[in-house]
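The structure appears right after this line, and notes come after that.
Laboratory data are not the source of any read-out in this text; all were calculated from the coordinates shown. Predicted model only: the values in this text are computed from it and were never measured.
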Amino acid sequence: MVNGSAHAEGFYQPVNDQKAMFSMALDAKHLDIKKAYQTIELFKELVPAAEQASGQVSANYKLSGTLDHEMMPVLTSLEGKGVLKAQNIQFEGYKLLGNLSKESGFEQLNDAAVPEITINSAIKNNILYLEKFKFKVKPFRLKTEGQTSLDGQLNIKMRIGLPPLGIIGIPVTIKGSSDDFKIKLGRKGPDLKEMEDDNDGLSEQDIERMTMLKDSIREGMTVDDIEKMQQRIEKVNLDSLKMKSVDTLKVN
C-alpha cells in the first residue's frame, strides 16, 4: 500500500460505548512518504510536514492512548516514544523551510534536499517533544530541537551552521501555528503549554483501573496475558490500596 513493510502488535480494550484503550508497537521500514501521508490518517496527524515531502521513512514507535466513538485517537491522550528515520528527502513548497530561507537569505534552504534525518521524539499531553537532531542541507549543517503540539502549535529552536564546517552558526526560533508562525534570528522562547486528557465520561475508578492496566503491560506480553491482567485488576479492591493516615503519637 505504501511501498514498504510494517509490523504492528498491541491491544485494544473498550471502556464504554464512547471510549476504548489501545496500545501498540509499530516497526515500519522504507515507507513511501507521499503515499503514507495520503493513506494513513495517523501519519498525517503526527507528521504534517510530509504533505510537502517525498522520499522514504522508517519508524520504530510505541504509542498508547484512547480512541473516541469514531475509533479515532484522542490526541490529548496519546503517550509514546520512538525514532523516525527519513532518507532521500526532497521538500517542495514546504512553508517552514521556505520562510526560513527568506528570513535568513539562504536560498539553498528553500525546496531543500536532505540525504538523511534521524529524529528521536516523545509524545505526552498533546505535545510532541523533539530531541536535538542534525541534518545537512548543502552547504549548511542544521541542528533542531523543540516541541510541536498535535493541534499545530510550533516552538522550534534551530541553529544554522555556516560553511565550511558549521562551527559558526546562526540561532533561530520558530513560534506560532503551522499556518501562521514567526521566525526570529538569534532569540529563544518559552516552552509550549501541555494539555491533559479530559477523560470525560469515566469514573475515578475507571481511570485508576485504566492506569493500572497501562502501567502493568510489559514488552512480550500476549493478548491473553493482557486479558488475564485486566481480569485481576477488575477484582482489585481499590480502596484497600489507598494509604490510610496513622497517628504515630498514640501508644497502646
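Here the convex hull built on the C-alpha positions of the range 46-136 has a volume of 115 cubic angstrom per residue. For V15, the amide hydrogen comes within under 5 Å of the amide hydrogens of A20, M21, counting only partners 5 or more places away or on other chains and with H modelled in the peptide plane.
Please tell me which of these pairs span more than 24 angstrom C-alpha to C-alpha: K95/K138; K35/K138; K95/K143; K102/K175? It would help to have the intermediate numbers written out before the result.
Details: K95/K138 19 Å; K35/K138 27 Å; K95/K143 18 Å; K102/K175 16 Å.
Where the Cα-Cα span goes over 24 Å, the pairs concerned are K35/K138.
Kirkwood radius, the range 40-98, all distinct C-alpha pairs, inverse of mean reciprocal distance: 13.2 Å.
Net length available on complete extension from D17 to N3 is 1.5 nm, with 0.36 nm assigned per residue and the Cα-Cα distance removed.
Put the Cα centre of the range 1-75 next to the Cα centre of the range 120-186 and the gap is 23 Å.
Computed over the range 5-185, the convex hull of the alpha-carbon atoms projects to a mean area of 10.1 nm².
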